[in-house]
Structures are given as C-alpha cells and as structure tokens.
Amino acid sequence: MDNYQKPNLLLYYHPLASFCHKVLIALYENGTEFEPRLVDFLVEESSAELFAYWPVGKIPILRDRFREKTVPETTIIIEYLHKFYPGKETLIPSDFELALEVRLWDRFFDHYISELVQKIVVDRLRPEGQRDILGVEQAYQKLPISYGMLEKQLESRSFIVGDHFSMADCSAVPALFYADTLLSFRNTYPKLTAYFERLLDRSSVKRTIDEAEPYFYMYPLFDKIPKRFLKEKK
Ligand SMILES: N[C@@H](CCC(=O)N[C@@H](CS)C(=O)NCC(=O)O)C(=O)O
C-alpha cells in the first residue's frame, strides 16, 4: 500500500527562473517540505493550472492544499511561509523596524536589479526589429546605480540587513547571479562581491544553482555564466 502523503505545499515553478530561485532558497533554508511542479510555458497543459490559479501567469506560485489557498508573488509567498510554515531560519525578523528594512531591501533587489535584468534578457528573446533599444540602454545605466547603493549598504554588514540571513538575501541571490552575467560587479564592487560569495556558500543557494544547471543552456547569455557553475566546465 502506498503510504505517501502529499505535502501540503505545492510550488509551481521553473528551475531556471530567477524569481523561483528566491522562493526555493527560502524553502531550502527552512527545510520546508513541498511538492515541486515544473511549469513549461511552451507546453500548454504544463501551464494551464498556473493560469487557472493566477491568470497573469507569473511563476512561482504556491498552492497550500491544507488551507486551500493560492499564494502568488515571491515576497507574499515568503511572508506566508514565515507565518504558516515557519522553520529554523527567521527570514523576517520580529522587530518591526528591522522587518521593514528586510522588506525594503527585498523590494530593492526585485525592482532595481531583477526587473532591470528581466528587461535586458527578455529583450534578447524578441525578434530583430522589435527590440526596445532605449529601454535596454536605460536598464544598463541603472544597474551600476543599484550596485553602488548595495556597496554602501554592505560597508558594515555581512548580510544586506545586519548579521542575519533574511528574505532580502533570498532575493539578492538570483538578482545578483543574473545581473553579473550582464554587467559584472566583480572587479568594481568588492563588498558586493564578497557578500555574493558569502551567499553562494550557503547550502540552500548551492542546491538552487545545482538544480538550475541542467537548464542554463536555455539562458540567452549562457556564455556569460561563469564556468564554476557548470557541471561540464568547458
Ligand atoms: N513580481 C513577481 C515576478 C515573477 C516573475 O517575473 N516571474 C517570471 C519568471 S522569473 C515569469 O513568470 N515570467 C513569465 C512571463 O512573464 O510570462 C514575483 O515576485 O513573483
């Protein structure tokens, strides 16, 4: 007899997608049990459930079978996990002002790094003649402003808000991982580089990147992904 009990949580995601990395890192940090459900946008049946739950069709979304709830948007998902499925890592501090800082830097990584990265990468997938040259140029100009702000924030901190790994650091990983392939911060921003290395050292992060590796070839700037992250280091 099959005694397998499905976990309460189901994550609709793709292993390559940067916003999915943010939530995977939060789940792995806390050892939270969940069922992964890979969404392939190129296969209609694969994304049908996602669109039924969340018609804007962005991944990831979390489905809680126990509470019969669908939770979209990465930040809301992590807040939800924090409240209903807490683990050993407190990704959102109980101190109100510290929690606001975490939410601020979480927003910062999403809006002022990840969205710029998306702008540039998605443009690469557009047909020639339908590209947004000005929009891409502006995104490239904004990235160093964000890097500079992060360098300053990291002057006296190990993580982006103080000495504890938080939701904002979950957002930082994919934001910086992919941003570095577009406009590298490595030679110019030492604190940011050291911070990113600290993040890369965490087992939750290693696991997320390892699971993305088989799909890296699909990334439009695959050749810019450092060889250390590839299994076959050609
Ligand atoms: N604000 C959203 C962003 C999610 C997002 O942009 N997801 C991307 C993958 S990294 C996506 O679903 N792209 C598919 C599309 O835009 O059609 C969140 O935080 O969850």
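The values are calculated or read from the model by the stated rules, or taken from the named source; none is laboratory data. It should be emphasised that the depicted structure is a prediction, and the values quoted were computed from it without experimental measurement. Here Cβ is always computed from backbone atoms with ideal geometry, including for glycine, and neighbour counts include all displayed protein chains. Just so you know, the surface numbers come from the protein's heavy atoms only, side chains and all, with ligands and any DNA or RNA stripped out. Shrake-Rupley method; radii C 1.70, N 1.55, O 1.52, S 1.80 Å.
Can you find a residue in the range 74-84 that is away from the ligand (no atom under 16 Å from the Cβ), at negative phi and at pLDDT below 95?
no
Which one of the conditions (1) open to solvent by less than 70 Å² (accessible area, probe 1.4 Å); (2) out of contact with any strand residue (DSSP E or B) (no Cβ under 8 Å at 6 or more places or on another chain) does Val39 fail to meet, given that it meets all the rest?
(2)
Tell me which residues, restricted to the range 151-187, are open to solvent by 20 Å² or more (accessible area, probe 1.4 Å) and small (Gly, Ala, Ser).
Ser156, Ser158, Gly162, Ser184
Scan the strands (runs of 3 or more DSSP E) fully inside the range 2-69 and keep the ones with 1 or more residues being within 16 Å of the ligand (Cβ to nearest atom), of a type in the set (Lys, Arg) and free of Cβ contacts under 8 Å to residues at least 40 places away in the same chain.
35-38
Give the residue, chosen from Tyr112, Tyr147, Tyr140, Tyr85, that is closer than 20 Å to Leu200 by Cα and among the hydroxyl-bearing types (Ser, Thr, Tyr).
Tyr147
Quick one: is Ser47 over 18 Å from Pro174 (Cβ atoms), over 14 Å from the mean Cα position of the chain (by Cα) and open to solvent by less than 30 Å² (accessible area, probe 1.4 Å)?
Criteria met by Ser47.
From (1) farther than 19 Å from Ile78 by Cβ; (2) open to solvent by less than 40 Å² (accessible area, probe 1.4 Å); (3) touching a Phe, Trp or Tyr at 6+ places or on another chain (Cβ under 7 Å); (4) not acidic (Asp, Glu), pick out the condition that doesn't hold for Phe222.
Only one criterion in (1) farther than 19 Å from Ile78 by Cβ; (2) open to solvent by less than 40 Å² (accessible area, probe 1.4 Å); (3) touching a Phe, Trp or Tyr at 6+ places or on another chain (Cβ under 7 Å); (4) not acidic (Asp, Glu) is unmet by Phe222, namely (2).
Of the conditions (1) touching a residue at least 40 places away in the same chain (Cβ under 8 Å); (2) farther than 20 Å from Ser18 by Cα, Asp163 clears all except one; give me its number.
Asp163 satisfies every listed condition except (1).
In this structure, is Arg198 surrounded by 14 or more Cβ atoms within 10 Å (Cβ to Cβ) and modelled with pLDDT of 95 or more?
So Arg198 fits the description; yes.
For Glu89, state whether it is open to solvent by less than 30 Å² (accessible area, probe 1.4 Å), away from the ligand (no atom under 13 Å from the Cβ) and not aliphatic (A, V, I, L, M).
no
Pairs please, first residue from the range 204-231 and at pLDDT 95 or above, second anywhere and surrounded by 13 or more Cβ atoms within 10 Å (Cβ to Cβ) and of a type in the set (D, E, K, R), Cβ atoms under 7 Å, 6+ apart in sequence or on different chains.
Ser204/Glu29; Phe229/Glu213; Leu230/Glu213
Is it the case that some residue within the range 86-104 is over 26 Å from Leu154 (Cβ atoms) and either of a type outside the set (Gly, Ala, Ser) or more than 16 Å from the chain's Cα centre (by Cα) (or both)?
Within the range 86-104, one or more residues are over 26 Å from Leu154 (Cβ atoms) and either of a type outside the set (Gly, Ala, Ser) or more than 16 Å from the chain's Cα centre (by Cα) (or both).
For the range 105-120, give me each residue that is open to solvent by 50 Å² or more (accessible area, probe 1.4 Å) and either touching a residue at least 60 places away in the same chain (Cβ under 8 Å) or over 16 Å from Phe165 (Cα atoms) (or both).
His111, Tyr112, Glu115, Gln118, Lys119
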